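Notes follow once the structure below has been shown.
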Amino acid sequence: IMPVDPTTGLTNGPPRPLIQSSREDTRASWSLDERWLAFTSDREGLMNLYVAPFDPESGTAGRAHRITSGPGGDYQAQWAPEGNKLFYFAKRGGNEDIWVVDLDDQKQTIGEPRRLTNHAASDTNPFVSPDGKWIAFHSDRNGLIEVWLMSSDGTGPTNLYAVRAGGHFIPWYDETSYVASRRRFFLDGREPEPILWFGGGHLQLSPDRSQVLENNHKKIYVGPVQPEGSGEDFEVLVSYEESKISVDYTVWSPSGKWVLFDRNEPTGGDIYWLEGIE
């Protein structure tokens, strides 16, 4: 985690560890009230979802608890605005689909996870609109990876613009539009509006939509949201170019005060004991 200025995105201090284990902890997201973090981890053997309390004043996290269980590979958890659901994608049904799990006030699971898409294609990376009504996600139903939309209950899937888009993030600009392939796409179908001069796999917009955050796996950088540019007005927040460390999945907090990211440093491994192997 790294403290930043909510307006400029520039750092207010050095990055420091927030959630750690000897296994993989990755792809975290904040609840809208900034009191909870959801992330994926295989710390108990399988890639499942975990939730941890977060103190937005001190920038510290409490003890995490597991939300999902079993095989399936649960990734990219995104919060419903009310904090009572987590949307994610998994292979629980044999191929990658969008799933949802209900949560109580203590962020414990209510009932079983439910599948929202059921298609032979790969449906991944759900991102919830600010009003909680829509989910934008990636799908290759037409042979190419495109941004699709559906209601948050899984009904009415459509590729409204049939826009090709890679990467992992689909940031919502507001309740009526999302960002993909350098442009702002509107739910009412009007002509897309160019707003960025470059594309990226992990683009994040600041809360006031004036700044954009991105990483290239070695550096995290921030700059203005504008349709034309060269990168000269972008600032590097942290760089690991001279080391084996890599960074990924940069996420801006709802208040704009924090940036969360994956930091991977290959330093060793775990030892396992296997029995009954023939």
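Would you check if G9 is free of Cβ contacts under 8 Å to residues at least 40 places away in the same chain and either out of contact with any Pro (no Cβ under 9 Å at 6 or more places or on another chain) or buried (at least 20 other Cβ atoms within 10 Å of the Cβ) (or both)? Against the criterion (free of Cβ contacts under 8 Å to residues at least 40 places away in the same chain and either out of contact with any Pro (no Cβ under 9 Å at 6 or more places or on another chain) or buried (at least 20 other Cβ atoms within 10 Å of the Cβ) (or both)), G9 does not qualify. Per the listing L46, L37, the residue uniquely part of a loop (DSSP other than H, G, I, E, B) and of a type in the set (A, V, I, L, M, F, W, C) is L46.
Candidates in region 159-181 are the residues that are open to solvent by 50 Å² or more (accessible area, probe 1.4 Å) and at pLDDT 95 or above; of these, the one that is nearest to G201 (Cα to Cα) is Y173. Taken over region 178-218, the criterion of being farther than 17 Å from Q78 by Cβ, in a strand (DSSP E or B) and within 18 Å of the chain's Cα centre (by Cα) is satisfied by Q211, V212, E214, N215. Would you mind stating whether E24 is modelled with pLDDT under 95 and in contact with a strand residue (DSSP E or B) (Cβ under 7 Å, 6 or more places away or on another chain)? Criteria met by E24. In the set L144, L116, only one residue is hydrophobic (A, V, I, L, M, F, W, C) and modelled with pLDDT under 95; that residue is L144.
Within the set D104, D74, the sole residue that is surrounded by fewer than 16 Cβ atoms within 10 Å (Cβ to Cβ) and of a type in the set (D, E, K, R) turns out to be D104. Residues of region 36-81 that are charged (D, E, K, R) and out of contact with any strand residue (DSSP E or B) (no Cβ under 6 Å at 6 or more places or on another chain): D42, R43, E44, D55, E57, R63.
Among the residues here, S210 does not qualify as open to solvent by less than 70 Å² (accessible area, probe 1.4 Å), within 21 Å of N125 (Cα to Cα) and of a type outside the set (A, V, I, L, M).
If you check G189 against the conditions, is it under 22 Å from A80 (Cα atoms), small (G, A, S), open to solvent by 20 Å² or more (accessible area, probe 1.4 Å) and in contact with a Leu (Cβ under 8 Å, 6 or more places away or on another chain)? When the stated conditions are applied, G189 does not pass them.
Would you please name the residue that is most open to solvent (accessible area, probe 1.4 Å), looking only at residues in region 260-278 that are at pLDDT 85 or above and either of a type in the set (S, T, N, Q) or part of a strand (DSSP E or B) (or both)? Per the criteria, the residue is R263. Of the strands (runs of 3 or more DSSP E) lying entirely inside region 82-130, the ones with 2 or more residues being among the β-branched types (V, I, T) and over 27 Å from D174 (Cβ atoms) are found at 109-115. Within region 86-99, the residues that satisfy the criterion of being open to solvent by 10 Å² or more (accessible area, probe 1.4 Å) and without any contact (Cβ under 8 Å) to a residue 24 or more places away in the chain are K91, R92, G94.
Can S69 be described as surrounded by fewer than 20 Cβ atoms within 10 Å (Cβ to Cβ), on the phi < 0 side of the Ramachandran plot and polar (S, T, N, Q)? Here the answer is yes, as S69 does meet what is asked. For beta carbons closer than 7 Å, sequence separation of 6+ or different chains, a first residue in region 116-137 that is touching a residue at least 12 places away in the same chain (Cβ under 8 Å) and a second that is among the hydroxyl-bearing types (S, T, Y) and open to solvent by 10 Å² or more (accessible area, probe 1.4 Å), the qualifying pairs are V128/S152; G132/S152; K133/S151; K133/S152; W134/S151; W134/S152; I135/S152; F137/T124. Residues of region 54-61 include at least one that is buried (at least 22 other Cβ atoms within 10 Å of the Cβ) and within 26 Å of D5 (Cβ to Cβ).
The values are calculated or read from the model by the stated rules, or taken from the named source; none is laboratory data. It should be emphasised that the depicted structure is a prediction, and the values quoted were computed from it without experimental measurement. Cβ coordinates were reconstructed from backbone atoms using ideal geometry, including for glycine residues, and neighbour counts include every protein chain displayed. Accessible surface is based on the protein model in full, side chains and every heavy atom, while ligands, DNA and RNA are left aside. Shrake-Rupley method; radii C 1.70, N 1.55, O 1.52, S 1.80 Å.
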